[in-house]
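The values are calculated or read from the model by the stated rules, or taken from the named source; none is laboratory data. These numbers come from a predicted model, not from an experiment. So basically every Cβ, Gly included, is an ideal-geometry build from the backbone, and we count neighbours across all protein chains shown. Keep in mind that these areas ignore ligands, DNA and RNA; they rest on the heavy atoms of the full protein, side chains included. Shrake-Rupley method; radii C 1.70, N 1.55, O 1.52, S 1.80 Å.
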Amino acid sequence: MNKKAEYLEVNSEKQQKIDKTREIFSNMYDFIEENCKNSRETSLAITKLEEAQFWAIKGISREER
């Protein structure tokens, strides 16, 4: 299997970083949902946050020691 497609197990240190990342992004989602009207711009902001969260977690899971 291509290395890029493999599942990457994470150790407890990386899992803690991932959990903290999710917590912070969750706060950002909540803030936007509570303070912004539904609009194209708000939808784009949420989409970009989802993308940023994905890449942040991917970066954590792939970081070398």
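For this structure, a couple of remarks:
Rundown of residues vs (1) of a type in the set (A, V, I, L, M); (2) modelled with pLDDT under 95, yes/no style:
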| residue | (1), (2) |
| --- | --- |
| K3 | no, yes |
| E6 | no, yes |
| D19 | no, no |
| R22 | no, no |
| Y29 | no, no |
| E41 | no, no |
| K48 | no, no |
| A56 | yes, no |
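- When residues of the stretch 49-65 are limited to those that are in a helix (DSSP H, G or I) and not hydrophobic (A, V, I, L, M, F, W, C), the one surrounded by the most Cβ atoms within 10 Å (Cβ to Cβ): Q53
- Matching residues in the stretch 17-42 - criterion: being under 30 Å from E6 (Cβ atoms) and either in contact with a Pro (Cβ under 6 Å, 6 or more places away or on another chain) or without any contact (Cβ under 8 Å) to a residue 12 or more places away in the chain (or both): D19, K20, E23, I24, S26
- Residue satisfying all of: in the stretch 1-48; assigned to a helix (DSSP H, G or I) and of a type in the set (F, W, Y); least open to solvent (accessible area, probe 1.4 Å) among these: F25
- Close pairs (8 angstrom Cβ cut-off, 6 or more residues apart or separate chains): more than 12 Å from T21 (Cβ to Cβ) in the stretch 43-65, open to solvent by less than 70 Å² (accessible area, probe 1.4 Å) and in a helix (DSSP H, G or I) anywhere: A45/I32; I46/Y29; I46/I32; E63/K14
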